[in-house]
Amino acid sequence: MMNKGEFIYEGKAKRIYRTDNPDQYLVEFKDDATAFDGLKKDTLADKGILNNRLSEIFFKLLEDEGIETHFIEILSEREMLVKALEIIPVEVIVRNIAAGSISKRLGIPEGTKLSRTVLEFSLKNDELHDPMINHYHIYALYLATAEEMARIEELALKVNAILVPYLEKVGITLVDFKLEFGRHKGRVVLGDEISPDTCRFWDIGSGEKMDKDRFRRDMGGVIDAYREVLRRLEGGDGAEVES
């Protein structure tokens, strides 16, 4: 039995704890929902359970495809055991279709398919509202080495190449998504989570949003959309979540 140890950190959607193994952390997924740098907040029943299960599915898929992640195993409906990472404070946004901030910043109509996959970077810092940065900032601030960034970009594009066709098979378009990486025993490892909180999922047929944008834009049906993503990925089995 893994013991939940000292509390380390609480983010917008997760709490992190030490365990009796110094090389492993326990991640607890919360039901809290936030948007616009925390200006909009709510609690959505079962969101943490759904994101825990969805992240497990995606991490296992990526591990099977040769991408090392921090995932070790699921401990409970809300708890995941992971490798202890030294987080690299650079968030990576992978964009296939224009949506959200890139549409506003560059005047690209939402829904426009980009001619090639775009990678963007932001500083992982809630107090500064995660500002966009480039390689010059990253190296000047010693956030990551050139070798680490080359590896991060390689992994981000490989994750995209795996997830796009995987999701298309269940009728979901992967519009864009955010990734975070960390250092583990000298290696760059994928961390954080992969869920409708960190990805934009659109139904291929209708274009209906199946992600956190439903919360951001007051569209309603947030948890129903998350459940539908899980239902499709599990082939209709085991997608019911009890409160």
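Here are a few things to note about the model shown:
- Taking amide H atoms as placed 1.01 Å from N in the peptide plane, the amide H of residue 172 lies under 5 Å from those of 204, each 5 or more residues away in sequence or on another chain.
- Taking label positions 7 Å along the Cα-Cβ direction at both residue 135 and residue 217, the computed distance is 3.4 nm, reported to one decimal.
- For the chain, with +1 on Lys and Arg beta carbons and -1 on Asp and Glu, the positive-most of 103, 85, 117 along the dipole: 103
- Exposed loop sites were defined as trypsin sites (Lys or Arg not before Pro) in DSSP loop states (anything but H, G, I, E or B) carrying at most 12 other C-beta atoms within 10 Å; in the chain the longest segment without such a site runs 1-168.
- When the inverse distances between all different Cα atoms of the chain are averaged and flipped, the Kirkwood radius reads 18.5 angstrom.
- Its convex hull of Cα atoms gives segment 118-243 a direction-averaged projected area, equal to a quarter of the hull surface, of 10.0 nm².
- Cα-Cα P(r), segment 83-152, percent of pairs per 5 Å interval: 3, 14, 23, 21, 17, 14, 6, 2, 0
- Residues residue 208 and residue 170, FRET efficiency given R0 of 22 Å [Cβ-Cβ distance, rounded to 0.05]: 0.95
- The helix-only estimate of mean residue ellipticity at 222 nm for the chain, built from DSSP H runs of length n ≥ 4 each weighted as -39500 (n - 2.57), is -8500 deg cm²/dmol after division by the residue total.
- Magnitude of the charge dipole for the chain, about its Cα centre and with charges confined to Cβ atoms of Lys, Arg (+1) and Asp, Glu (-1), is about 620 debye.
- Over segment 52-167, relative contact order from alpha-carbon pairs under 8 Å, at least 6 apart, %: 20
- Computed from the C-beta positions of residue 119 and residue 43 and an R0 of 30 Å, the FRET efficiency is 0.35 to the nearest 0.05.
- Karplus-derived 3J(HN,Hα), 6.51/-1.76/1.60, for each residue of segment 50-65, Hz, glycine and proline x: 5, 5, 4, 5, 5, 4, 4, 4, 5, 5, 5, 4, 5, 4, 5, 9
- Taking the square roots of five times each eigenvalue of the Cα gyration tensor of segment 1-102, the equivalent ellipsoid has semi-axes of 24, 19, 14 Å, listed largest first.
Every number in this text was worked out from the coordinates using simple rules, so none of it is lab data. Quantities reported herein were computed from a predicted structural model and do not represent experimental measurements. A quick note on method: Cβ atoms are made from the backbone with ideal geometry, for glycine too, and the neighbour counts reach across all protein chains shown.
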